[in-house]
Amino acid sequence: MTQQPVTTVHLTAQASRIVTTELRTADHSTETGGILLGHHTHDTVTVHHAGTPGPAAVRTPTYFLRDLAHAQALADEAFASDGSVWVGEWHTHPTSRPIPSARDAATYRKLLNDPELGFHSVIAVIFAPRAGRWEGAAWACRLGRIEPVQLQLSRSVG
């Protein structure tokens, strides 16, 4: 069954907390990010778990590659906990806007074209600094297209 195109990406309070903590504490001169794990239901992807870069991540001002072993351990935990699967990636663009770069687009195409991964769509959430704060944007990558979608970040209570 083919899933509906994504119109909304919702980060739960738990996932939002991981991302906002990383945004607050990371070296802002280089990119950072991690995997997104959750569920695609109807036209919404709900992200229950967000990863951090991991200790072996590669980070430069214009490039980020997550620590694969770290990401796999989080994916295994999330699947065992609530059945969450890999739905995409989040990362920062510290020197530009929260729009997929040519390198990002090539990465998303590669993921979509890998039959072993089985992606119908790849979600990208990108953050960039604007007026002293991080501005986020979500993107759905599907069938050779990258389109902006609504981003909802839940706030934790307390």
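State which residue is modelled with the lowest pLDDT when the search covers only the stretch 100-158 and only residues that are among the β-branched types (Val, Ile, Thr), surrounded by 13 or more Cβ atoms within 10 Å (Cβ to Cβ) and within 23 Å of Thr52 (Cα to Cα).
Start the filter on the stretch 100-158 by keeping residues that are among the β-branched types (Val, Ile, Thr), which leaves 107, 122-123, 125-126, 146, 149, 157.
Filter once more, keeping what is surrounded by 13 or more Cβ atoms within 10 Å (Cβ to Cβ): 107, 122-123, 125-126, 146, 149.
Still in the running and within 23 Å of Thr52 (Cα to Cα): 107, 122-123, 125-126, 149.
On the way: Thr107: 92, Val122: 95, Ile123: 97, Val125: 98, Ile126: 97, Val149: 97.
This residue is Thr107.
Residues in the stretch 1-29 that are under 17 Å from His70 (Cβ atoms) and crowded, with 18+ Cβ neighbours inside 10 Å: how many?
So the count comes out to 4.
Looking at the stretch 80-96, which of the residues that are without any contact (Cβ under 8 Å) to a residue 40 or more places away in the chain and not polar (S, T, N, Q) is surrounded by the fewest Cβ atoms within 10 Å (Cβ to Cβ)? I'd like the intermediate steps shown before the answer.
Applying the first criterion (without any contact (Cβ under 8 Å) to a residue 40 or more places away in the chain) to the stretch 80-96 yields 80-82, 95-96.
In the following step, the residues that additionally are not polar (S, T, N, Q) were identified as 80, 82.
On the way: Ala80: 9, Asp82: 12.
Restricting to residues being without any contact (Cβ under 8 Å) to a residue 40 or more places away in the chain and not polar (S, T, N, Q), the top hit is Ala80.
Restricting the stretch 41-56 to residues that are over 15 Å from the mean Cα position of the chain (by Cα) and part of a loop (DSSP other than H, G, I, E, B), which is farthest from Thr95 (Cα to Cα)? Spell out how you get there, then give the answer.
Residues of the stretch 41-56 over 15 Å from the mean Cα position of the chain (by Cα): 41-43, 55-56.
From what is left, the residues that are part of a loop (DSSP other than H, G, I, E, B) are 42-43, 55-56.
Numbers: His42: 35, Asp43: 31, Pro55: 23, Ala56: 22 Å.
Only one residue tops the list, namely His42.
Do we have any residue at all in the stretch 58-69 that's surrounded by 20 or more Cβ atoms within 10 Å (Cβ to Cβ), out of contact with any Ser or Thr (no Cβ under 9 Å at 6 or more places or on another chain) and assigned to a loop (DSSP other than H, G, I, E, B)?
no
The values are calculated or read from the model by the stated rules, or taken from the named source; none is laboratory data. What you see is a predicted model, and the numbers here were worked out from it, not measured in a lab. In this analysis, Cβ positions are derived from the backbone assuming ideal geometry, glycine residues included, and neighbour counts consider all displayed protein chains.
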